[in-house]
Amino acid sequence: MLSQLTPRTLFNNLLVAILFGVLVPYFKGIEYLDLFLLLPYSFLSLFFAVPLAVDAVFAEPNRGAPLGPLFRAVGIGWFTGVGVLWMGIGTVSLRSGRLVAPPIAVGLSLAVMSLFACIVVVALAAWTANRMDNAPLAKGRLRMIFLLLLVAFFALPRLLHQDTVALLLDYLTPDGIVRATLILAPLEALAAVALFVRAPRR
């Protein structure tokens with residue numbers, strides 16, 4: 001798996017780590033700990049996991065869903081993404097001159113959601129890769145999906161009714177993020193199983 005990390009991929013990953021783990025938190029300061037920012041930040045793991053998952057599928061002669069390499073992609077992507085998130089917390093702490101961090105329940109919830117999201121997205125990457133002709137095409141398709149989801153996340157509050165927005169914002173509190181994790185984690189697990197089962201080309 002690690003042998004598939006090209007110099008270009010390493011450079012891109014390092015650039016993302018510096019940008020989102022140092023520069024953005026430094027300029028945001030304490031605002032970095034706002035859950036509206038931490039939540040999408042916790043899904044940075046997907047950026048690292050998807051290319052590894054696609055490459056793992058194309059490395060197999062008959063494709064399918066090679067579970068060993070795919071779960072290594074999950075582990076590497078998740079660990080790297082969480083590392084970048086905590087780099088940001090460390091950057092804000094250094095700038096503030098004291099340790100500042102989200103509550104333990106929030107940190108654990110974000111880590112769990114990130115892990116299960118990685119599993120779902122790696123399963124989606126395997127499903128997509130088995131239906132594409134080459135790895136760059138599969139990666140491009142997945143990047144487009146993630147870009148649309150990111151735009152929707154930040155644009156959604158402006159499009160929804162105020163009452164609906166207020167209801168959603170209830171989940172951007174420490175208690176709310178724990179409740180959301182308890183709801184989403186099992187759903188993500190079921191979605192991942194379904195995608196892994198259907199990953200082989202039909």
Legend entry - Where labels lie 7 Å past Cα in the beta-carbon direction, separation of Asn134 and Ser93 in nm: 4.5 nm
Inset, instruction - Run the quick spin-label model on Leu15 and Phe79: label points 7 Å from Cα toward the beta carbon, then report their separation in nm to one decimal. - result: 2.5 nm
Inset, instruction - Report the full-extension gain for the segment Leu172 to Leu37: residue separation times 0.36 nm, less the Cα-Cα distance, to one decimal in nm. - result: 47.6 nm
Legend entry - Separation between Cα centres of region 105-121 and region 71-85, rounded to whole Å: 10 Å
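What percentage of the solvent-accessible surface of region 1-127, computed with a 1.4 Å probe over protein heavy atoms, is contributed by carbon and sulfur atoms? Let's see the in-between values first.
Numbers: 4500 of 6200 Å².
Carbon and sulfur: 73 percent of the exposed surface of region 1-127.
Could you tell me what % of all Cα pairs in region 1-128 have separations over 17 Å?
Numbers: 4653 of 8128 pairs.
In whole percent, the share of Cα-Cα pairs in region 1-128 beyond 17 Å is 57.
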Legend entry - Overall form of region 25-83 per C-alpha gyration tensor (a/c, 1.5; a/b vs b/c): prolate
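If R0 is 25 Å, what FRET efficiency do you get for Phe71 and Leu190 from their C-beta distance, rounded to 0.05? Walk me through the numbers on the way to the answer.
Working: r = 17 Å, r/R0 = 0.69.
About 0.90, to the nearest 0.05.
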Legend entry - Accessible heavy-atom area order of Leu108, Leu23, highest first, probe of 1.4 Å: Leu108, Leu23
Inset, instruction - Whenever you get a sec, line up Phe196, Phe116, Phe71, Phe48 from highest to lowest accessible area (probe 1.4 Å, protein heavy atoms). - result: Phe71, Phe116, Phe196, Phe48
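The values are calculated or read from the model by the stated rules, or taken from the named source; none is laboratory data. Given the structure is predicted, the values throughout are model-derived calculations rather than measurements. Cβ coordinates were reconstructed from backbone atoms using ideal geometry, including for glycine residues, and neighbour counts include every protein chain displayed. The protein model used for the area step is the full one, side chains on, heavy atoms only, and it has no ligands, DNA or RNA in it. Shrake-Rupley method; radii C 1.70, N 1.55, O 1.52, S 1.80 Å.
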